[in-house]
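Data block below; observations after.
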Amino acid sequence: MLAIHFWSWNTSLLYTSIAASVILVNLQPAIVAVLSSVWLHETPTRRQWTGIGVAMAGAAAVVFAGGADAAGGGSRPLLGNALALVGAVTAALYYLTGRRLRTRLDLVPYVTLVYGACLAALLVIALLVDAPLLPQPGREWAIFAGLALGPMLLGHTGMNWALGSLPAYVVNLTVLGEPVGAILLGALLPGIREVPTLGVVAAGSVVIAGILMALPRREAGG
């Protein structure tokens, strides 16, 4: 599921607009919440449903406030949109399965199995679509290493750690914070220095508010 998520979402950007792709793949918190109720019997409270909706609306607003074209852009938008939706569903299944397995498996054995299976599946997909894997320029290897150390080992592993104690719909919802983090990095990195507009800042604040609203509340004395 993780491999198909990576492949389908990245491939969707070849055919549809960035805005459409991001909005569709960010449907995953709602998918996770519904399936979590049915499969894992972990149902969000009314407040958490509201928080999920607020965060998803904020994520969509970040895209529009950033000036991305939601309607056009892309040679085959229907195909691209379908691939982005596949990315949302497979990501949801990845988090739901992780929530179930992490209650029985420690973190290191779990991520070793998951990341290894993901790599093997992506290699098979690359062979099937005849994607060139080697050689790669040195700059690309540096980018790959950065992605592996940051988003994968820290980001995904951190969320897989959290799945051991938190419901999947709570952990998955934090993914909507990615656009906010990207905005901050874009503003701070010397080579980019893209200062966000007030609209983007406001929309990002909505995302954060929704995530905080959906977090489980600790009982008094707990």
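The values are calculated or read from the model by the stated rules, or taken from the named source; none is laboratory data. In this text, all values refer to a predicted model and were calculated from it rather than measured experimentally. Glycine gets a Cβ as well: all are built from the backbone with ideal geometry, and neighbour counts include every protein chain shown.
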**Message:** Residues that are surrounded by fewer than 22 Cβ atoms within 10 Å (Cβ to Cβ), touching a Ser or Thr at 6+ places or on another chain (Cβ under 6 Å) and at pLDDT 90 or above: does segment 62-85 have at least one?
**Reply:** no
**Prompt:** From SER12, SER37, SER8, which residue is free of Cβ contacts under 8 Å to residues at least 12 places away in the same chain and farther than 17 Å from GLY177 by Cα?
**Reply:** SER37
**Asked** Where residues in segment 86-100 are over 14 Å from LEU27 (Cβ atoms) and of a type outside the set (A, V, I, L, M), which of them is surrounded by the fewest Cβ atoms within 10 Å (Cβ to Cβ)?
**Response** ARG100
**Asked** Quick one: THR103 ticks every box in (1) of a type in the set (Ser, Thr, Tyr); (2) touching a helix residue (DSSP H, G or I) at 6+ places or on another chain (Cβ under 8 Å); (3) loosely packed, with under 13 Cβ neighbours inside 10 Å bar one, so which box is it?
**Response** (2)
**LEU166 being at pLDDT 80 or above and part of a loop (DSSP other than H, G, I, E, B)** = yes
**Request:** With the condition kept exactly as written, say whether any residue in segment 41-50 is touching a Pro at 6+ places or on another chain (Cβ under 8 Å), charged (D, E, K, R) and surrounded by fewer than 21 Cβ atoms within 10 Å (Cβ to Cβ).
**Result:** yes
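Hey, among the residues in segment 141-173 that are polar (S, T, N, Q) and surrounded by fewer than 19 Cβ atoms within 10 Å (Cβ to Cβ), which one's farthest from the chain's Cα centre (by Cα)?
Only one residue tops the list, namely SER165.
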**Prompt:** Has segment 103-126 got any residue that is assigned to a helix (DSSP H, G or I), touching a residue at least 60 places away in the same chain (Cβ under 8 Å), closer than 26 Å to LEU40 by Cβ and among the small types (Gly, Ala, Ser)?
**Reply:** yes
